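S.K.: Before anything else, here's the structure in question.
The values are calculated or read from the model by the stated rules, or taken from the named source; none is laboratory data. The model shown is predicted, which means the values in this text are computed figures rather than measured ones. Here the Cβ positions follow ideal geometry from the backbone for every residue, glycine too, while neighbour counts run over all protein chains shown. Ligands, DNA and RNA are stripped out before the accessible areas are found, and what is left, the full protein with its side chains, is counted by its heavy atoms. Shrake-Rupley method; radii C 1.70, N 1.55, O 1.52, S 1.80 Å.
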Amino acid sequence: MKTTFSTLGALACAALLGLAASGSANAAADAAAAAKLPDAVRRAGKLNVTISLAYPPMEYNDAGSTDLKGFDIDLAKAIADRLGLQAEFQNVDFPQLIPQVVTGRSDIIMTAFSDKVERQTQLDFIDYFKTGNVFYSAIDLQGSIKTEADLCGKTIAVATGTSWVTWAEDLSKATCAADKQMNVIQIPTQAEHIMQIKQGRAQASIIGLEGLLDLMKQEPGKFYQIGDVGEINHYGIATAKPNTQLRDAIVAALDSLKSDGTYAAILDRYGLKQAGVEEFVVNGTK
């Protein structure tokens, strides 16, 4: 699940609009994939990518910098290169993502954007990244909390107003005795969740799979995953519904990037190998 950090996005927006970036060096153009492009995109020579900052490790920039980083950024550059195009990124608030593409101001949405059935009425999704919900905690609790059932009667710090709240409450009702339910508390940020765990006020938190993988990469040996990934879903590259040529060109570019190992290399760069997909499916959510 992606939460929106509109304040960070607004601070970077002006500097990011129209930002062009070259792709990765090993992503040479694929003539067959490029041939599928709509004429207008081929003539323009660029792929306009709409994002919504900030959500590390997917798309973000370091404090004081306007340089874009993240898995989505690097993969978008590689797709553009494979199609003989240049990637240009436009940062908008999360609610503006769909209008940006359906009105033709951008070509694609690529920003940890979930493929959902209700969104498929306006968009086609190319599913490229597997995500889901995971419990996690500090490593010193690993001996006593090994499964979701071990969280019964414990306090779980969850991001305010997110679907993780409902997920935790539903799982508690299904897993725990009536007198030993999980105590789900809502707290805004991940940093605060971690502080609650370190201070013993909470025993676990919930995060998206990619967020946990990034946290474990940034702070090795300090955190661990509890149980399995829940509510597995996929992020999709979204195109406007009528733009089937662009959609098919991107699928071809992704297939090419997967076949030569570029896709796997970008996943590995961010510690996200577990989130890779075996096949790039269009509108896989049913």
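S.K.: Give a quick list of trypsin sites (Lys or Arg not before Pro) in the range 157-249 that DSSP marks as loop, anything other than H, G, I, E or B, with at most 16 other Cβ atoms within 10 Å.
M.R.: LYS180, ARG201, LYS222
S.K.: Oh, and also: Could you let me know the centre-to-centre spacing of the range 245-286 and the range 154-174, using Cα atoms, in angstrom?
M.R.: 31 Å
S.K.: Kindly flag which residue pairs out of LYS46/LYS241; LYS69/LYS258; LYS222/LYS273; LYS77/LYS286; LYS217/LYS273; LYS130/LYS258 have an alpha-carbon separation exceeding 18 Å in this structure.
M.R.: Flagged as over cut-off: LYS46/LYS241; LYS69/LYS258; LYS222/LYS273; LYS77/LYS286.
S.K.: Would you kindly find the accessible area of GLU279, with a 1.4 Å probe and non-protein molecules such as ligands, DNA and RNA excluded, rounding to the nearest 10 Å²?
M.R.: Approximately 130 Å² for this residue.
S.K.: How many angstrom lie between the C-alpha centres of the range 201-243 and the range 75-130?
M.R.: 20 Å
S.K.: If you don't mind, there's one more thing I want to ask. Net charge within 12 Å of PRO38 by Cβ-Cβ distance, Lys/Arg positive one each and Asp/Glu negative one each, not counting PRO38 itself?
M.R.: Once positives and negatives cancel, what remains is +1.
S.K.: What is the local net charge at ALA76, summed over the other residues whose Cβ is closer than 13 Å to its Cβ (Lys, Arg +1; Asp, Glu -1)?
M.R.: Computed value for this residue: -2.
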